[in-house]
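The values are calculated or read from the model by the stated rules, or taken from the named source; none is laboratory data. Every value quoted in this text rests on a predicted model; they were computed, and no experiment measured them. So basically every Cβ, Gly included, is an ideal-geometry build from the backbone, and we count neighbours across all protein chains shown. For accessibility, only protein heavy atoms count, side chains too; no ligands or nucleic acids. Shrake-Rupley method; radii C 1.70, N 1.55, O 1.52, S 1.80 Å.
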Amino acid sequence: MKRKLLIALGVLVGLLVVLVGGLVACAKVKGDPTFAVANTGLRASTDPALIAEGEYLFHGPMHCTACHDSSKEAAFARKAGEKVEPIGGMDWDMGPIGRPVSANLTSDKATGLGGKSDEHIARVLKYGVGEDGKLRIFMALAVASVTDHEIVALLSYVRTLPPKEHAVRPEELGLMGRLMLAFGAFKPKFMPAATYVAASDSADPKRGEYIANGPGLCFGCHSPYDFMDGMKLKGVKFSGCLEAEQGHEDPKVEVCPPNLTPHPTAGHITAWTEDQFLARFKSGAYSSKDSPMPWTNFSNMTDTDLRSIYRYLRALPPSARNSGPPIRPVGSFKMPKG
Ligand code: HEC
Ligand code: HEC
């Protein structure tokens, strides 16, 4: 009996060795794959209204400087309403996956976007893929899909940024990162863009719906999406995170973007008035250094947009899914299924 077990175990280990060896070999062959994407044909415009819209999206809802600041410390030290130069350099130590580093987006020729074409920038924003065909992993997975209108606005705005020389360290792609690329876990942007709704003078839940499901990416963090399973929605949208993630700073803390639906007990903000919601965002204050929510960027949103988001969230169907305290000791709360 014991002998049979040992043989079975031996076979299993052998199979594992072959499998892992195969994966490594395959990842080596495929290396850093390139992706063929369609030409966007999008070019920067000098229309002041479009540039202003790009500036608003950049520092506000699309929170570009949450990552394109020089470091996490610098981003946390910002005050509400502050707009920083996107000189890049923030990095994320992701162990065996690698170490992405945010780029310098100013117009400096050597270290920024000055030497890059409009087409390159437009492709990065539309697909998460550059003109060289290489995937920009964070741009593909952690930045909202938007329509060509917003892409041109953003592109037009970054072209107005004065050059600032700041070389950032090269990115590193680990073995795990290579495998994930080779096997399609990392791929160009595939989520459809939310239908564009222009800003207006009065609060409008339609505009709120657009920001929350588009540029603000609120839906991405506050819904049970499965990052490891092609970003499939595993439950009700806005009913809170799928699984809590380890905090940015403290490994003993886990963070879960809460349920934002107006459920009487499970909704995290059901008791908040519209003015409280507005004041919370205008404060720009981080709840904790462990939170990835870009509070200082969101403090740059207009009162009308924030009221629009509140009214949209208020009208969502209530979900009874209790996502627990947003910041809590690791393992202290059991997540319900999506
Ligand atoms: C979640 C973090 C994050 C956010 C938010 C973000 N970026 Fe990035 N960006 C990165 C990182 C990291 C890189 C380096 C390549 C990669 O890993 O994607 C990058 C690369 C780029 C590049 C390519 C630079 C080059 O030289 O090829 C452009 C252009 C860019 N970002 C523009 C933007 C704009 C515009 C926004 C806002 C709409 C934005 N990014 C928001 C993290 C982010
Ligand atoms: C990158 C992920 C991420 C994005 C994007 C994001 N959130 Fe959050 N959000 C969190 C996390 C994590 C928390 C819990 C920790 C905290 O309060 O910062 C949170 C907390 C909140 C809270 C409760 C704050 C409190 O004081 O209790 C509200 C309200 C909220 N988010 C609304 C939004 C809205 C609206 C958007 C889009 C405009 C948004 N979030 C985008 C991650 C995110």
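Span-like helix check, the chain: qualifying full DSSP H segments, with Cα axial length of 18 Å or more and mean Kyte-Doolittle of -1.0 or more, are 2-30. Calculated accessible area for the chain comes out at 50 Å² per residue, all protein chains present (probe 1.4 Å; ligands, DNA, RNA ignored). Per-atom-type breakdown for region 48-182 gives carbon and sulfur 58% of the accessible area (1.4 Å probe, protein chains only). Each listed q (0.13, 0.15 Å⁻¹) maps to a log10 I(q)/I(0) for region 205-329, found by the Debye formula over equal Cα scatterers with no solvent: -0.50, -0.68.
State the percentage of accessible surface on region 205-329 attributable to carbon and sulfur atoms; use a 1.4 Å probe and exclude ligands, DNA and RNA. It is 58 percent, rounded to a whole number. On the principal axes of its alpha-carbon atoms, region 48-182 has extents of 45, 33, 28 Å, going from largest to smallest. Of the cross-linked pairs LYS83/LYS164; LYS79/LYS282; LYS72/LYS237; LYS79/LYS252; LYS116/LYS187; LYS83/LYS134, those separated by over 18 Å at the C-alpha level are LYS72/LYS237; LYS79/LYS252; LYS116/LYS187; LYS83/LYS134. Quick check: net charge around LEU242, other residues with Cβ under 14 Å of its Cβ, Lys/Arg +1 and Asp/Glu -1? Computed value for this residue: +1. Could you tally the net charge around THR273, taking each other residue with its Cβ under 15 Å from the Cβ of THR273, Lys/Arg +1 and Asp/Glu -1? Result for the neighbourhood of THR273: +2.
The GluC sites (Glu not before Pro) of region 231-338 that meet both conditions, a loop assignment by DSSP and at most 16 other Cβ atoms within 10 Å of the site Cβ, are GLU243, GLU249.
Can you classify region 119-175 as rounded, prolate or oblate using the Cα gyration tensor, where a ≥ b ≥ c are the square roots of its eigenvalues, rounded means a/c under 1.5, and otherwise it's prolate if a/b beats b/c and oblate if not? Judged from the Cα gyration tensor, region 119-175 comes out oblate (a/c at least 1.5, b/c at or above a/b). Relative to the globular-protein estimate of 2.2 N^0.38 Å, the Cα radius of gyration of the chain stands at 1.08.
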